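The values are calculated or read from the model by the stated rules, or taken from the named source; none is laboratory data. As the structure is a prediction and not an experimental result, all values here were calculated from the model. Reconstructed Cβ throughout: ideal geometry from the backbone, glycine too, with neighbour counts over all protein chains shown.
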Amino acid sequence: MHRLPRPKAVLFDLDGTLIDSAPDLGAAADKMRTDRGMTSLDYALYRPMAGAGARGMLQAAFGMTDTHVDYESFKHEFLDNYQQAMTVKTTVFDGVNDMLNMLQNQGMRWGVVTNKHQRFTIPLSKQMALFNTAGAVVSGDTTPHAKPHPAPLLEGARLLGLPPEDCWYVGDDERDIVAGKAAGMATVAANYGYLGLEADVLRWHADFVIHHPLELVNLWLEA
């Protein structure tokens, strides 16, 4: 890993990076099974697929891909279920609040850039205290493109009033690293996130890899 200039802001992915929403995502999909008289599945089957959102949850629950004839109707049902119970079991990852407090005490600004649509991020931002100090929240439908396109990250930097090269981007999915690089930001892979079943974080070629949120503070101090 090489040393990079110290950033003026850090932008974060949301699910799997700042918050652990997998329990509520899994519950929304599992409810679809039980509503149909099917047996409930173990949560452990849902968790690795949480980073893929509706597509991952429906694959875990029904073995359904996005080419299935019923995919769109199942997707809408899943999203409705999730919207009705987004913060029942969702928590902030251990160390995230401390990490953000430490960075802000050093004058660092931060924001969120997620592929989650405003339909979900707006209610979440009102229900979770985590968002209170965020300088920017960019959703999957804020710009015409979602990650891995760089547009959402560039919008996050714009809202913070900074050039993208003054920002780091942290995420737990390869598309986060692709988007960050395309936006001209230093990238940090969150190895504690969902990652998926076959993820090889080293192949993403992020600038840094962290295994706990507080490690980001050390990276910042060493930059």
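Would you check which residues across region 85-119 are more than 25 Å from N191 (Cα to Cα) and either in the same structural domain as R33 (by TED's automatic domain parsing) or among the small types (G, A, S) (or both) and list them?
A85, G107
Could you list, in sequence order, the residues of region 34-91 that are of a type in the set (D, E, K, R), surrounded by fewer than 16 Cβ atoms within 10 Å (Cβ to Cβ) and over 19 Å from the mean Cα position of the chain (by Cα)?
Within region 34-91, D35, R36, D42, D66, D70, E72, D80 qualify.
Here is a check on your reading of the model: is P163 free of Cβ contacts under 8 Å to residues at least 24 places away in the same chain and closer than 13 Å to A9 by Cβ?
Values: free of Cβ contacts under 8 Å to residues at least 24 places away in the same chain: yes; closer than 13 Å to A9 by Cβ: yes.
Criteria met by P163.
Given A44, A28, which one is in contact (Cβ under 8 Å) with a residue 24 or more places away in the chain and either under 30 Å from G135 (Cα atoms) or outside any loop (DSSP other than H, G, I, E, B) (or both)?
On the way: A44 fails: in contact (Cβ under 8 Å) with a residue 24 or more places away in the chain.
Exactly one of A44, A28 is in contact (Cβ under 8 Å) with a residue 24 or more places away in the chain and either under 30 Å from G135 (Cα atoms) or outside any loop (DSSP other than H, G, I, E, B) (or both), namely A28.
Scan region 45-58 residue by residue and report those that are in contact with a helix residue (DSSP H, G or I) (Cβ under 6 Å, 6 or more places away or on another chain) and more than 14 Å from G193 (Cα to Cα).
Filtering region 45-58 down to residues in contact with a helix residue (DSSP H, G or I) (Cβ under 6 Å, 6 or more places away or on another chain) leaves 45-47, 49-50, 54, 56-58.
Passing the criteria: L45, A54, G56, M57, L58.
Tell me which of these W204 doesn't satisfy, since it passes every other one: (1) of a type outside the set (A, V, I, L, M); (2) touching a residue at least 24 places away in the same chain (Cβ under 8 Å); (3) under 29 Å from A85 (Cα atoms).
(3)
Looking at region 88-103, I want the residues that are over 13 Å from P23 (Cα atoms) and have a partner that is surrounded by 15 or more Cβ atoms within 10 Å (Cβ to Cβ) and of a type in the set (V, I, T) with Cβ atoms under 6 Å, at least 6 apart or on another chain. Which pairs are those?
As it stands, the answer is M99/V217; M102/V217, since those pairs meet every condition given.
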